[in-house]
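Trainee: Input: one structure, supplied below.
The values are calculated or read from the model by the stated rules, or taken from the named source; none is laboratory data. These numbers were taken from a predicted model, which means no experiment stands behind them. We place every Cβ from the backbone using ideal geometry, glycine too, and count neighbours over all the protein chains shown.
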Amino acid sequence: MDQTKLGIGTRLQHTQWGPGVIVGVKYATYLISFINTGIREVDKTDPQLDEIIAENVSTELETQSAIEQSLLKILQMWNGIAEPVALGEKWEGGLISLQPKDKSLKPKEVPIEDFFHKIVMLRDRLRVLEQNINSHKILTDEDKLHLQQYVTRCYGTLTTFNVLFKNKEDWFVGEKTN
């Protein structure tokens with residue numbers, strides 16, 4: 001079967017990301033919801049992609065309807081599906097140790113992976129907040145701008161944690177100075 005003509009609902013196996021289902025079809029890519037790593041955009045000719053059960057095979061180039069786009073957005077916002085974000089290798093298996101000034105008190109140790117996961121969740125929730133602000137029907141443009149600037153300052157506050165991220169494109173970015 002031609003791998004470039006698969007439709008929504010097709011079950012796939014990717015050697016890197018595991019099992020998944022096509023949830024969107026674009027000209028040269030599929031949006032695939034992988035069980036373990038969330039939604040990813042994958043080239044239709046990716047050699048690591050193996051079809052398991054083909055569905056809705058089509059010759060159409062663009063099959064993603066407005067309803068499908070809305071469903072995909074809802075799944076991403078409410079179902080905990082987020083892009084996987086990699087922790088820098090040097091931090092893997094590490095611990096964060098919080099030592100109180102009073103030496104009679106016990107220190108608290110937290111696995112860096114757990115702490116990092118919370119940081120990434122915070123970032124994802126700030127992104128959803130931004131989307132909600134920008135799409136709000138009652139807020140004025142001035143209100144939206146004010147709230148958006150506040151969210152941007154929150155990102156700026158979190159730039160300290162960029163040292164934990166493996167990839168620079170995942171970093172927090174605050175206000176940019178020209």
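Trainee: Would you tally the residues in region 131-178 being over 24 Å from LEU87 (Cα atoms) and assigned to a helix (DSSP H, G or I)?
Mentor: Qualifying residue count, region 131-178: 15.
Trainee: Still on this structure, I have one more. Which one of these does ALA82 not meet: (1) closer than 29 Å to PHE172 by Cα; (2) modelled with pLDDT of 60 or more; (3) in a loop (DSSP other than H, G, I, E, B)?
Mentor: Result: ALA82 fails condition (2) only.
Trainee: For region 30-51, which positions are free of Cβ contacts under 8 Å to residues at least 24 places away in the same chain and crowded, with 16+ Cβ neighbours inside 10 Å?
Mentor: Passing the criteria: ILE32, PHE34.
Trainee: Also, quick follow-up: May I ask you to list pairs of residues, at least six apart or on different chains, whose Cβ atoms are under 9 Å apart, with the first in region 132-150 being under 14 Å from GLU175 (Cβ atoms) and the second being exposed (fewer than 11 other Cβ atoms within 10 Å of the Cβ) and not β-branched (Val, Ile, Thr)?
Mentor: Note: pairs meeting the criteria are GLN149/GLU175.
Trainee: Let me ask something else. For region 158-174: of the residues being of a type outside the set (Lys, Arg) and surrounded by fewer than 11 Cβ atoms within 10 Å (Cβ to Cβ), which is farthest from GLY88 (Cα to Cα)?
Mentor: Per the stated criteria, the residue is THR160.
Trainee: A further question follows. Pull up region 21-49, narrow it to residues that are of a type in the set (Lys, Arg) and part of a loop (DSSP other than H, G, I, E, B), then point me to the one that is farthest from ALA86 (Cα to Cα).
Mentor: Top of the filtered list is LYS26.
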